[in-house]
Amino acid sequence: QIAIECRIANMEFKGMKSSNSEEENTSSGEAIQSETTMLEDEQQEAQVKRIIRLLKLTVIAFTFLVTFAAFESYQSINESECCHSQEPEFLQPGVTPEKKKWDFTANLDHSETYFVVDLRDDGIEALSKALETNKTVVKLDILGSLFGIRGMKAMRDALKFNTRISRLNLREDGIGDDEVKLLAEVLKVNNAITDVNLDGNLIGLEGVEHLAEALELNKSVLSLGLEGCPLGDDGVEALSKSFRINTSVTTLNLARTGMRDKGLKALAEPLKTNKSITNLDISANKIGDQGITALAWAIKIHPKFNSLDFEYNQIGDEGAIELVDSLQLTQFSGVNLEHNKIGDNGAKGIADLLKLNETFEWFVLKSNQIGDEGAKALADMLKMNQTLTSLNLEENQIGNEGVNAIVDALKFNQKIIMVKISGNKVSEAFKMSLKEDPDLQSRITI
């Protein structure tokens, strides 16, 4: 309709122009000119009316299209919400407990491992009530929720009755000092829980003091996770005191807790006599030579560790040498000292220790401060060591001279499967020369 109206208006406008031209050529009097002027006015008025009508039709068409699009969007949203509502109510993310009617009993009765996310106090209370009489759940994971005092009180009361749950995973649940105090009350009397994961919570000095007090009485917890909690040195020191008495915990995760030398020195003291802790993670802290040296002496007294993680710290030359020396007494198959501050002197000391080592199969010194001199010392070690099969020296400060020494060592020692040297200060020409040797291509990444 809009197109037709446009064509009619255009044709009439052309006709008007033609008529005007003819009248101008034939008219000679004022009467004819007046009549022509009146005709022009009428035709122009008619054209304006048609244009207005055309605009109205355009607005109507545009309104129809917008309304249709909105209707389609509304239908799509309704269909999406319908499908979403088919999910179990307790798994719907982003829906606050105040808008729900919580009923966990039926779901709990069919699972040994129960996983739930995004709860608040109302939901936690309902779950806790169901757990009081539940006989099936063994592993409980409540993640990404927000415990308040009310919710933790309900969980405390439930776990005093429930003695079947062995794993309690409360990672990233907004638990602070007041809430962990209530949880500590549970650990003082519950001897069924063996695994407690509190990673990523807001537990500080006050909270960890309550936790330490509970651990002195508890004899069931084997694994304790506090990664990412803002304990600091004082918090680690408070927790460490409990390990003078507690002999049940075997796995302790203190990564990213803000620990420095003071905190690790405090922890190292009980580790000299406590032989139960065999798995320790202290990575991603700010530990330097003094702290790691204290731990090294504890390892020499108690060498039966199964795993130790200390990458992403500030360990320098002296601390690294002391640590590697102590780790030779363990049964570790390798050592990861990635992202520390080990330079050439540290690499030389480590190389001297590894020359006759018969236990380490792999060694990681990635992202340190090792240059050509350290690399040459490690190359000399590779000519003698008969056990190491993998060495990672990526992202250091090694140049052509250091890499060339390692290449010579690889030709001498065929037991080395892989040496990683990418991210160092090696020229492109030297890299290209290495690609000409097919044997080296498969054994070195540069």
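FYI, it's all coordinate maths here, none of it is from the lab. Small disclaimer: the values here were computed from a predicted structure and weren't measured. Note that each Cβ is placed from the backbone with ideal geometry, even for glycine, and that neighbours are counted across all protein chains shown.
For this structure, a couple of remarks:
- Inverse of mean 1/r across different Cα pairs in the stretch 331-446, Kirkwood, Å: 13.8
- What the Cα convex hull of the stretch 194-319 gives, in volume per residue, is 80 Å³.
- Peptide ranges 304-310, 231-237 listed from the most packed, as the mean C-beta count within 10 angstrom indicates: 231-237, 304-310
- Percent of C-alpha pairs per 10 Å bin in the stretch 336-403, short distances first: 23, 60, 17, 0.
- Normalised radius of gyration (Cα atoms, divided by 2.2 N^0.38 Å) for the stretch 126-188: 1.02.
- Of K219/K275; K355/K431; K272/K304; K355/K415; K304/K415; K160/K219, those spanning more than 18 Å from alpha-carbon to alpha-carbon: K355/K431; K304/K415
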